[in-house]
1. Residue-wise, which Karplus ³J(HN,Hα) couplings in Hz belong to the stretch 71-84, taking 6.51 cos²θ - 1.76 cosθ + 1.60, θ = phi - 60°, and x for glycine or proline?
2. Check Tyr117: other-chain or 5+ apart residues with amide H under 5 Å from its amide H, H built from backbone geometry?
3. How much accessible area per residue does the chain have, counting only protein heavy atoms and a probe of 1.4 Å, in square angstrom?
4. Which number comes out as Rg/Rh for the chain once both Rg and the Kirkwood Rh are worked out on C-alpha atoms?
5. When the accessible area of the stretch 63-137 is split by element with a 1.4 Å probe, what percent falls to carbon and sulfur?
6. So what are the ³J(HN,Hα) numbers for the stretch 48-62, from phi and the Karplus equation (6.51, -1.76, 1.60; θ = phi - 60°), rounded to whole Hz, Gly and Pro as x?
7. Enumerate the calculated ³J(HN,Hα) couplings along the stretch 116-124 in order (Karplus 6.51 cos²θ - 1.76 cosθ + 1.60, θ = phi - 60°), each rounded to whole Hz, writing x wherever the residue is Gly or Pro.
Amino acid sequence: MTNWLQALPWPALAIAHAAVTLYLCGLIWTIQVVHYPLFLAVGEVQFAAYERAHCRRIGAIVMVPMLLEAALVGLVWLRAPAAHAATAAIGAVLLAVVWASTFLLQVPCHHRLEQGYEAAAIRRLVATNWLRTLAWSGRGACATALLWPLAA
């Protein structure tokens, strides 16, 4: 392990990791349960403009935290105490699922919807987003588990 990585205090790293992961976990549940299902209620005439605005606005609150989470999960995986290595590894695998789901399933749905209203594409977006929602929930559980030793 390099010196700079060893110099990172584990408690601060674990807390930062949990904070960004739990933020994204809460955000994805809001999107899954509230936001995406409401796409069906947007009228067909204004839907393409609505979807483009959604993608532009959601990107601002999702992409920076996702990139930060990716950096932190790597550091956590490399720096986790031996007793928590498996939890950190599971969290890293779940993050890979989140990213794969995002770019292989949800982004194509959004690209299709930017062309206009399509109820089947909205239903596909909601259905496939459950994978991402559950993976982020698992990440939230892993991140929280990594904090437990700090309370002792």
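1. Each residue's phi maps through the Karplus curve to give 5, 5, 5, x, 5, 4, 4, 6, 9, 4, x, 3, 5, 10 Hz.
2. Under 5 Å from the amide H of Tyr117 lie the amide H atoms of Phe47, Ala48, each far enough along the sequence or on another chain.
3. That works out to 52 Å² for each residue.
4. 1.06
5. 75
6. These are the phi-based 3J(HN,Hα) values: 4, 5, 4, 5, 4, 5, 4, 4, 5, 6, 5, x, 5, 9, 10 Hz.
7. Using θ = phi - 60°, the values come out as x, 4, 8, 4, 5, 5, 5, 4, 5 Hz.
The values are calculated or read from the model by the stated rules, or taken from the named source; none is laboratory data. Small disclaimer: the values here were computed from a predicted structure and weren't measured. All accessible areas refer to the heavy atoms of the entire protein, side chains included, with ligands and DNA or RNA removed. Shrake-Rupley method; radii C 1.70, N 1.55, O 1.52, S 1.80 Å.
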